[in-house]
Amino acid sequence: MSSSGLSNVKQIKDTLDVITGVVLLLISLVLAFYLVPNYIGEPSILQNPMMSPRWLPNIVSWLILAFSILLIFQGVLVSSNTENDERKIVKGPYRRFIIMLIAFLVYVLLFETLGAILTGILATVLLFLAHPVRVWWAYGFALAFPVGVTLLFVNVMNVPLPLMPY
């Protein structure tokens, strides 16, 4: 017995999730098997594999691969109910998009001159302003998170970052 192609299409419950999962799967495979090995060099006197510049990109590429497979399974197994779907994308106001774009540009353009900590604080505050975060204690994270992440990268992972403008 042979089944028609239409019955196989009916097995996919959310086409957008499957397409997104396949695209992310292909990107992760290119990242894991082509970009990381060919374009990120390792020093010859590497003492610890976790000190390799390839370590974090490898972890990220394999995580993207795993999550893309989960997204494909979700698209095949979970149907998308158009009315009450929690995964439905709801577009916000253009003001939010503009502020988020400004936060990105601030981070990219001022990272070298202001340093990782000040730029991170400024970008995080802008992101909080773009979204409806109106509790005062959440803005404490805008101070603590960039400082913590920067110190983690500099002191634990030995990544040279510009800390403060001197």
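Data overview
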read-out	value
Hits in the range 51-69 - residues which are within 17 Å of the chain's Cα centre (by Cα), surrounded by fewer than 16 Cβ atoms within 10 Å (Cβ to Cβ) and modelled with pLDDT under 95	LEU56, ILE59, VAL60
Residue list for the range 148-164, restricted to those being under 22 Å from the mean Cα position of the chain (by Cα) and more than 20 Å from PHE104 (Cβ to Cβ)	GLY148, LEU151, LEU152, VAL154, VAL156, MET157, ASN158, VAL159, PRO160
Filter result (part of a helix (DSSP H, G or I) and touching a helix residue (DSSP H, G or I) at 6+ places or on another chain (Cβ under 9 Å)) within the range 142-158	ALA142, LEU143, PHE145, PRO146, VAL147, VAL149, THR150, LEU151, PHE153, VAL154
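The values are calculated or read from the model by the stated rules, or taken from the named source; none is laboratory data. In this text, all values refer to a predicted model and were calculated from it rather than measured experimentally. Note that each Cβ is placed from the backbone with ideal geometry, even for glycine, and that neighbours are counted across all protein chains shown.
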